[in-house]
Amino acid sequence: MINERELIREALEARKCSHSPYSHFAVGAALLCSDGQIVRGANVENASFGGTICAERSAFLAAISMGKRDFEAVAIVGAPHGDEIGEICAPCGICRQFMSEFCGADFKIVLFDGEKPVMRTLGELLPDTFVLKGDD
Ligand code: THU
């Protein structure tokens, strides 16, 4: 069982660390690892815009760099600077593909519309996933 509200609270905290001087859109993510640890991430933009890293990829990169490989769920929250969360912030296409490297179709994606959790699975957001068989 995952605690969606707790994950959303963690994602809201992570959002405070966003570096988003170009889009002025701050995103936070909280990744629940299978060992119970929650790893946070924020979007980190770059003057060379293509160098920007989304919040959910930041969380995955941090967790993977800590040796984590198994994940249960991720919460993602986003809104313009200074605004409260008003609508869901669904993961971009790159992040969907990135998550599919480590997570199966039943991986839970917890979105937040400002009032309540909105639940999705990776399989719903990325059907017919492209996969290659790697070595490890
Ligand atoms: N962004 C995320 O961090 N996650 C998403 O799921 C969607 C978009 C970021 C990237 C960029 O810093 C800003 O939001 C505007 O696109």
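One residue stands out among those in the range 1-41 that are in contact with a His (Cβ under 8 Å, 6 or more places away or on another chain) and part of a loop (DSSP other than H, G, I, E, B): the one that is nearest to C54 (Cα to Cα), which is S20. Within the range 64-71, does at least one residue satisfy the condition of being touching a strand residue (DSSP E or B) at 6+ places or on another chain (Cβ under 9 Å), within 14 Å of the ligand (Cβ to nearest atom) and of a type in the set (A, V, I, L, M, F, W, C)? Within the range 64-71 (the criterion being touching a strand residue (DSSP E or B) at 6+ places or on another chain (Cβ under 9 Å), within 14 Å of the ligand (Cβ to nearest atom) and of a type in the set (A, V, I, L, M, F, W, C)), the answer is no, since none of the residues qualifies. If we scan the range 12-28, do we find a residue that is more than 12 Å from the ligand (Cβ to nearest atom) and over 15 Å from the mean Cα position of the chain (by Cα)? There is no residue in the range 12-28 that is more than 12 Å from the ligand (Cβ to nearest atom) and over 15 Å from the mean Cα position of the chain (by Cα).
The residue that is farthest from the ligand (Cβ to nearest atom), among those in the range 44-59 that are within 19 Å of S100 (Cα to Cα) and either touching an Asp or Glu at 6+ places or on another chain (Cβ under 7 Å) or of a type outside the set (D, E, K, R) (or both), is A59. Is it the case that R96 is of a type outside the set (S, T, Y), within 22 Å of D136 (Cβ to Cβ) and within 10 Å of the ligand (Cβ to nearest atom)? Judged against the criteria, R96 is not a match. Close Cβ contacts (under 9 Å, 6 or more residues apart or on different chains) running from residues in the range 87-99 that are in contact (Cβ under 8 Å) with a residue 40 or more places away in the chain to residues that are surrounded by fewer than 17 Cβ atoms within 10 Å (Cβ to Cβ) and outside any helix (DSSP H, G or I) comprise C89/F25.
Given the structure, is A90 in a loop (DSSP other than H, G, I, E, B) and near the ligand (Cβ under 8 Å from one of its atoms)? Considered against the rule, which asks whether it is in a loop (DSSP other than H, G, I, E, B) and near the ligand (Cβ under 8 Å from one of its atoms), A90 comes out as yes.
Quick note: the coordinates plus some simple rules give every number you see, no bench work behind them. Predicted, not measured: the structure shown is a model, and the values here were computed from it. Positions of Cβ are backbone-derived with ideal geometry, glycine not excepted, and every protein chain shown enters the neighbour counts.
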